[in-house]
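**Student:** Quick one: the structure is below, questions incoming.
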Amino acid sequence: MKQLPVSILVIIGVSLTTAWAESNDHAYTSESVSRGYQVYIDNCALCHGLEGNWIEGVDLSRAQFKTAVTDHDIKGVIVEGAAEGRMPRFDLTEDELDGIIAYIRIGFDPDGVAVKIGDPLHGETIFRGHGECSGCHRINGLGPRTAPDLSHIGSHRTPGALYRTLLTPETALLPINKSVILVTKSEETITGRRLNEDTYTVQIIDSTERLRSFKKSDLTHYDISDEPTHKPSELSEEEVADVIGYLLTLRSAP
Ligand code: HEC
Ligand code: HEC
């Protein structure tokens, strides 16, 4: 693996070394990130600052923009300029643009993964179509209850967490989302997903979407599976970016 220029390590600190390793098999390459860093310093830092937070209402390292959502939108802002010329238009090559986006995206995620974010509309089509997500997940009252409701997933999860859920599910499985297998004293076996649990009781949605509550003292077995339901997604890199773009639009009503 090629080394990062020392200057980047100094500025971003130790956390990037992990991010770096991860980003290699993720959407952006290491070359892209270091190229982007240089282009950023030369063209953008003057106004946006080294940490990307000098402009009111825009914090590039945290993906806080005014109107931009996708990588494509950010490129549009750079190529066309913004705010009636207060941000000038830049004449950069496609490689330089990709580099800046990679650099912005790697700083953006607290988990340090530079994840591509694509077209939300296309992402929704995939979600409802050949991605087969809507066969398990419920959004805004539509769809089954056997998998986590994703209506507000965009305000709860980072792009990095969504990426891991789709590509390396075993690294993203949250305790509350683990599936459970219960056996009651009357020898009924129930599999399902936990909604809630305390010391004495557990509430689950069973495989037929029924909400059920059990006293733990009435159970002879209570197993929590560490095996994710998700298999690593077979969608293409672009499709995953689009689906993540869509998931990020699913937020709590303002
Ligand atoms: C001369 C100052 C200046 C320079 C140089 C500059 N910007 Fe900006 N940028 C601004 C201003 C001002 C805004 C806020 C626009 C607004 O208020 O809508 C902005 C906004 C943005 C936004 C958010 C746009 C949105 O609508 O969501 C992004 C992304 C951005 N800049 C990226 C960059 C990048 C990348 C570079 C370097 C290639 C750069 N800027 C260079 C002044 C600048
Ligand atoms: C066979 C049913 C099934 C399908 C198909 C499915 N999921 Fe899931 N999904 C689950 C279950 C169950 C979980 C809980 C974690 C686990 O068991 O892996 C989950 C977890 C998730 C999470 C994490 C939720 C959280 O709270 O962090 C996201 C995001 C997600 N799925 C998105 C998708 C997307 C996008 C697709 C389509 C590409 C998809 N799922 C397809 C069943 C499914």
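**Student:** For Pro148, all conditions in the list (1) more than 15 Å from Cys136 (Cβ to Cβ); (2) open to solvent by 20 Å² or more (accessible area, probe 1.4 Å) hold save one; what is the number of the exception?
**Tutor:** Among (1) more than 15 Å from Cys136 (Cβ to Cβ); (2) open to solvent by 20 Å² or more (accessible area, probe 1.4 Å), the lone unmet condition for Pro148 is (1).
**Student:** Another question, if that's okay. Got a sec? Which of Gly123, Gly154, Gly99 is within 16 Å of ligand 1 (Cβ to nearest atom) and either within 25 Å of Ser32 (Cα to Cα) or assigned to a helix (DSSP H, G or I) (or both)?
**Tutor:** Working: Gly123 fails: within 16 Å of ligand 1 (Cβ to nearest atom); Gly154 fails: within 16 Å of ligand 1 (Cβ to nearest atom).
Result of the check over Gly123, Gly154, Gly99: Gly99.
**Student:** Just give me the residues in the range 104-128 being more than 17 Å from His230 (Cα to Cα), modelled with pLDDT of 85 or more and of a type outside the set (Val, Ile, Thr), in sequence order.
**Tutor:** Hits for the range 104-128 are Gly118, Asp119, Pro120, Leu121, His122, Gly123, Glu124.
**Student:** Does Thr184 satisfy the condition of being in contact with a Leu (Cβ under 9 Å, 6 or more places away or on another chain) and either of a type in the set (Gly, Ala, Ser) or surrounded by 14 or more Cβ atoms within 10 Å (Cβ to Cβ) (or both)?
**Tutor:** For Thr184, the condition - in contact with a Leu (Cβ under 9 Å, 6 or more places away or on another chain) and either of a type in the set (Gly, Ala, Ser) or surrounded by 14 or more Cβ atoms within 10 Å (Cβ to Cβ) (or both) - is met.
**Student:** Residue by residue through the range 207-220, note down the ones that are over 17 Å from Ala147 (Cα atoms) and either open to solvent by 100 Å² or more (accessible area, probe 1.4 Å) or within 11 Å of ligand 2 (Cβ to nearest atom) (or both).
**Tutor:** We begin by selecting, within the range 207-220, every residue over 17 Å from Ala147 (Cα atoms); these are 213-220.
Result: Lys215, single match.
**Student:** A follow-up question, please. Could you look through the range 221-254, keep only residues that are among the hydroxyl-bearing types (Ser, Thr, Tyr) and within 13 Å of ligand 2 (Cβ to nearest atom), and pick out the one that is most open to solvent (accessible area, probe 1.4 Å)?
**Tutor:** Here is the first cut: in the range 221-254, the ones among the hydroxyl-bearing types (Ser, Thr, Tyr) are 222, 225, 229, 233, 236, 246, 249, 252.
Keeping just the survivors that are within 13 Å of ligand 2 (Cβ to nearest atom) gives 225, 229, 233, 236, 246, 249.
Working: Ser225: 32, Thr229: 117, Ser233: 32, Ser236: 53, Tyr246: 13, Thr249: 71 Å².
Here the answer is Thr229.
**Student:** Which condition from (1) over 30 Å from Asp42 (Cα atoms); (2) in contact with a helix residue (DSSP H, G or I) (Cβ under 8 Å, 6 or more places away or on another chain) is the one that Thr165 breaks?
**Tutor:** Going through (1) over 30 Å from Asp42 (Cα atoms); (2) in contact with a helix residue (DSSP H, G or I) (Cβ under 8 Å, 6 or more places away or on another chain) one by one, Thr165 breaks only (2).
**Student:** Now for a different question. Which of (1) out of contact with any Cys (no Cβ under 8 Å at 6 or more places or on another chain); (2) surrounded by fewer than 17 Cβ atoms within 10 Å (Cβ to Cβ) does Trp54 not meet, given it meets every other one?
**Tutor:** Evaluating Trp54 over (1) out of contact with any Cys (no Cβ under 8 Å at 6 or more places or on another chain); (2) surrounded by fewer than 17 Cβ atoms within 10 Å (Cβ to Cβ) leaves (1) as the failure.
**Student:** Regarding the range 66-81, can at least one residue be identified that is of a type in the set (Gly, Ala, Ser), touching a helix residue (DSSP H, G or I) at 6+ places or on another chain (Cβ under 9 Å), closer than 26 Å to Gly154 by Cα and at pLDDT below 80?
**Tutor:** Residues of the range 66-81 that are of a type in the set (Gly, Ala, Ser), as a first pass: 68, 76, 81.
Checking which are touching a helix residue (DSSP H, G or I) at 6+ places or on another chain (Cβ under 9 Å) leaves us with 68.
When the remaining residues are screened for being closer than 26 Å to Gly154 by Cα, the result is 68.
From what is left, the residues that are at pLDDT below 80 are none.
Within the range 66-81, not a single residue is of a type in the set (Gly, Ala, Ser), touching a helix residue (DSSP H, G or I) at 6+ places or on another chain (Cβ under 9 Å), closer than 26 Å to Gly154 by Cα and at pLDDT below 80.
**Student:** Got at least one residue in the range 189-206 being more than 16 Å from ligand 1 (Cβ to nearest atom), open to solvent by less than 20 Å² (accessible area, probe 1.4 Å) and of a type in the set (Gly, Ala, Ser)?
**Tutor:** Filtering the range 189-206 for residues more than 16 Å from ligand 1 (Cβ to nearest atom) gives 189-206.
Those still in the list that are open to solvent by less than 20 Å² (accessible area, probe 1.4 Å) too: 190, 192, 202, 204-206.
Still in the running and of a type in the set (Gly, Ala, Ser): 192.
Yes: one or more hits.
The values are calculated or read from the model by the stated rules, or taken from the named source; none is laboratory data. Bear in mind that the values here come from a model prediction, so they are computed numbers and not experimental data. Here Cβ is always computed from backbone atoms with ideal geometry, including for glycine, and neighbour counts include all displayed protein chains. In case anyone asks, the SASA skips ligands and DNA or RNA and just uses the protein heavy atoms, side chains included. Shrake-Rupley method; radii C 1.70, N 1.55, O 1.52, S 1.80 Å.
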